[in-house]
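The values are calculated or read from the model by the stated rules, or taken from the named source; none is laboratory data. Source: prediction; values computed, not measured. Counting neighbours? That spans all protein chains shown, and the Cβs are built from the backbone with ideal geometry, glycine included. These accessible areas exclude ligands, DNA and RNA; they are computed on the full protein's heavy atoms, side chains included. Shrake-Rupley method; radii C 1.70, N 1.55, O 1.52, S 1.80 Å.
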Amino acid sequence: MFQPEFELLSRSQIEELQLERLQKTITYAYENVKAYKTKLDQVKIKPHDIKSLDDIAKLPFTTKEDFRQNYPYGLFALNVKSLARIHASSGTTGKSTIVGYTKRDLDTWSNLVARLAACAGVGSDDIVHIAFGYGLFTGGFGLHYGLEKLGATVIPVSSGNTKRQIQLIMDLKPTVLVCTPSYALHIAETLKKEGVDINNVSLKIGLFGAEPWSEQLRKKIEGAMHIKAYDNYGLSEVMGPGVSAECIYQNGMHIFEDHFYAEIVDPKTLLPVKDGEYGELVLTTLTKEALPIIRYRTRDITKLNKSKCSCGRSMSRMSKPIGRSDDMIIIRGVNVFPTQIEEALFNIEGVMSIYQIILEKEEALDKATLLVEVTENIFFDEMKQQRLMLEKIKHELKTLLGLELDVKLVEPYSLERSEGKAKRVIDKRSLY
Ligand code: DLL
């Protein structure tokens, strides 16, 4: 454990520390960020009204829209000149979200990323190949400085040029791979295509995150690469990677609750869900200087488990997010997340690990087509085999998800591979 003095606190000690830090954060944000003062004044709450952790429910939420309205620096508590670094979120629409860090924030961040890696059993003897993009995205630099702090040997490869990645993996013999799970899969496929014997690959551990992925995908990656694959979660608005991470028991990601306060709310009513139920994760930072964030609506759908873990940590565990509330697709009245389709698909032999959902408009109705890559012997087999495969996929989707979808089998390696976050849903509806 990297920081056992915090990681092993009991539940009551965590909550005591959280309350103390929450009160400080609310006062600090109220006094230093105009947007927060205005929001709190509007609901007639003063920082001293926060007397217990439950009182947080009295505070307004912060959303991506607040970042847009206050672009670029309006939510910062300090003058930008006093900051040590700026990053931005990988927004797909509109302007990116700008985030900033003081020296102390960067120190906290690297401690939390060191914790994240140690949680998965990474240590100072490890050689780490980082294939996250370096730049405004928080993945590259975030993991980099944390792993250096842990004492590991870091190779800052960055993303892209998969053949070169493989050459470096074979030559430099890293023991840990850091990237998105979809890129890990692409690396695994390329290793196979290049005819590399997996037993000659030095990798033992994968630290994968930055996008939703199913248990089935984990099994595929672990099987293809002969590694243990661990999930970790974070978002730029709150810090970047290092908000939560799996320990060796791979049974939920421990939220680093001495730095973040987590709530789960119903995304429609915004009221807390019952303990252990799925809902939207809402996070409040407890120690940030440059950009304190109160009740940020992450849009990520997950659930919390507050029981003590076999690793000894009492910090709550969040389940793998099944998706973002804004990625949920509604097909003929059934709500689904791409990861649920992924789970159903990957149960079927002959399905490759890549799929895409195309959303289109047909007259006034939404139409969804699922493109699934299948192995060569199925794709080039007789029509009858292909028909059987189609039926199998449709049946699996129907029984597991109650979903009726148009399915098309496509040739292996015909769908685009991602070097960063995968794009599972292609929404063409706005084009009509
Ligand atoms: O993706 C930070 C990060 C970098 C996390 C590297 C882990 C590793 P953003 O680009 O701001 O930051 O995107 C944040 O990505 O709200 C989730 O929707 C999604 N996400 C991140 N990690 C996971 C994960 C980084 N482990 C958004 N599982 C978040 C599911 C994830 N979704």
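What about Gln18, is it open to solvent by less than 60 Å² (accessible area, probe 1.4 Å), within 28 Å of the chain's Cα centre (by Cα) and not basic (Lys, Arg)? So Gln18 passes the test.
Just one of (1) of a type in the set (A, V, I, L, M, F, W, C); (2) in contact (Cβ under 8 Å) with a residue 60 or more places away in the chain; (3) more than 30 Å from Ile301 (Cβ to Cβ) fails for Ala210. It is (3).
In region 224-256, which residue that is hydrophobic (A, V, I, L, M, F, W, C) and in contact with a Gly (Cβ under 6 Å, 6 or more places away or on another chain) is nearest to Ser202 (Cα to Cα)?
Among residues in region 224-256 that are hydrophobic (A, V, I, L, M, F, W, C) and in contact with a Gly (Cβ under 6 Å, 6 or more places away or on another chain), the one nearest to Ser202 (Cα to Cα) is Ile227.
The set of residues in region 86-105 that are within 15 Å of the ligand (Cβ to nearest atom) and either small (Gly, Ala, Ser) or open to solvent by 20 Å² or more (accessible area, probe 1.4 Å) (or both) comprises Ile86, Ala88, Ser89, Ser90, Gly91, Thr92, Thr93, Gly94, Lys95, Ser96, Ile98, Gly100. Within region 21-52, being under 27 Å from Arg115 (Cβ atoms) and open to solvent by 70 Å² or more (accessible area, probe 1.4 Å) holds for one residue alone: Lys24. Taking region 114-137 as the range and being in contact with a Leu (Cβ under 8 Å, 6 or more places away or on another chain) and either within 15 Å of the ligand (Cβ to nearest atom) or closer than 20 Å to Val243 by Cα (or both) as the test, the residues that pass are Ala114, Leu116, Ala117, Ala118, Ala120, Val122, Gly123, Val128, His129, Ile130, Ala131, Phe132.
Considering region 315-432, the qualifying strands (runs of 3 or more DSSP E), each wholly inside and each with 1 or more residues that are open to solvent by less than 20 Å² (accessible area, probe 1.4 Å) and touching a Pro at 6+ places or on another chain (Cβ under 9 Å), run over 329-331, 351-362, 365-374. Considering only residues that are open to solvent by 10 Å² or more (accessible area, probe 1.4 Å) and under 18 Å from the mean Cα position of the chain (by Cα), look in region 297-314 and name the one that is nearest to the ligand (Cβ to nearest atom). For region 297-314, the residue satisfying everything is Asp300.
Just one of Ala262, Ala210 is touching a helix residue (DSSP H, G or I) at 6+ places or on another chain (Cβ under 8 Å) and either within 11 Å of the ligand (Cβ to nearest atom) or open to solvent by less than 20 Å² (accessible area, probe 1.4 Å) (or both); which is it?
Working: Ala262 fails: touching a helix residue (DSSP H, G or I) at 6+ places or on another chain (Cβ under 8 Å).
Every option except Ala210 fails the conditions.
The condition of being more than 9 Å from the ligand (Cβ to nearest atom) and more than 28 Å from Glu194 (Cβ to Cβ) holds for only one of Lys228, Lys219, Lys274, that being Lys274. When you look at Phe76, is it more than 26 Å from Tyr249 (Cβ to Cβ), of a type in the set (Phe, Trp, Tyr), open to solvent by 10 Å² or more (accessible area, probe 1.4 Å) and within 14 Å of the ligand (Cβ to nearest atom), yes or no? For Phe76, the condition - more than 26 Å from Tyr249 (Cβ to Cβ), of a type in the set (Phe, Trp, Tyr), open to solvent by 10 Å² or more (accessible area, probe 1.4 Å) and within 14 Å of the ligand (Cβ to nearest atom) - is not met.
Within region 144-169, residues that are assigned by TED's automatic domain parsing to the domain that holds Arg115 and in contact (Cβ under 8 Å) with a residue 40 or more places away in the chain sit with their Cβ atoms under 8 Å from residues that are crowded, with 21+ Cβ neighbours inside 10 Å and assigned to a strand (DSSP E or B), at 6+ positions apart or across chains, in these pairs: Gly146/Pro241; Gly146/Gly242; Ser159/Cys179; Ile169/His129; Ile169/Leu177. Within region 173-200, being surrounded by fewer than 24 Cβ atoms within 10 Å (Cβ to Cβ), among the hydrophobic types (A, V, I, L, M, F, W, C) and not in a helix (DSSP H, G or I) holds for one residue alone: Val196. Does at least one position in region 242-250 carry a residue that is surrounded by 22 or more Cβ atoms within 10 Å (Cβ to Cβ), on the phi > 0 side of the Ramachandran plot and under 13 Å from the mean Cα position of the chain (by Cα)? Taking every residue of region 242-250 in turn, at least one turns out to be surrounded by 22 or more Cβ atoms within 10 Å (Cβ to Cβ), on the phi > 0 side of the Ramachandran plot and under 13 Å from the mean Cα position of the chain (by Cα). When residues in region 53-69 are screened for being open to solvent by less than 40 Å² (accessible area, probe 1.4 Å) and free of Cβ contacts under 8 Å to residues at least 60 places away in the same chain, 2 of them pass. Within region 360-378, residues that are closer than 16 Å to Phe346 by Cα sit with their Cβ atoms under 7 Å from residues that are small (Gly, Ala, Ser), at 6+ positions apart or across chains, in these pairs: Glu373/Ser414; Val374/Gly350; Thr375/Gly350; Ile378/Gly350. Within region 3-12, can one find any residue that is outside any loop (DSSP other than H, G, I, E, B), open to solvent by 60 Å² or more (accessible area, probe 1.4 Å) and hydroxyl-bearing (Ser, Thr, Tyr)? Within region 3-12, one or more residues are outside any loop (DSSP other than H, G, I, E, B), open to solvent by 60 Å² or more (accessible area, probe 1.4 Å) and hydroxyl-bearing (Ser, Thr, Tyr). Just one residue in the set Ile393, Ile341, Ile330 is more than 16 Å from the ligand (Cβ to nearest atom), of a type in the set (Val, Ile, Thr) and touching a residue at least 40 places away in the same chain (Cβ under 8 Å); that residue is Ile393.
For region 121-132, give me the residue count where each residue is out of contact with any His (no Cβ under 8 Å at 6 or more places or on another chain) and either buried (at least 21 other Cβ atoms within 10 Å of the Cβ) or outside the structural domain of Gly252 (by TED's automatic domain parsing) (or both). Steps first, answer last, please.
Taking region 121-132 first, the residues out of contact with any His (no Cβ under 8 Å at 6 or more places or on another chain) are 121-129, 131-132.
Pick out the ones that are also either buried (at least 21 other Cβ atoms within 10 Å of the Cβ) or outside the structural domain of Gly252 (by TED's automatic domain parsing) (or both) and you get 122, 128-129, 131-132.
So the count comes out to 5.
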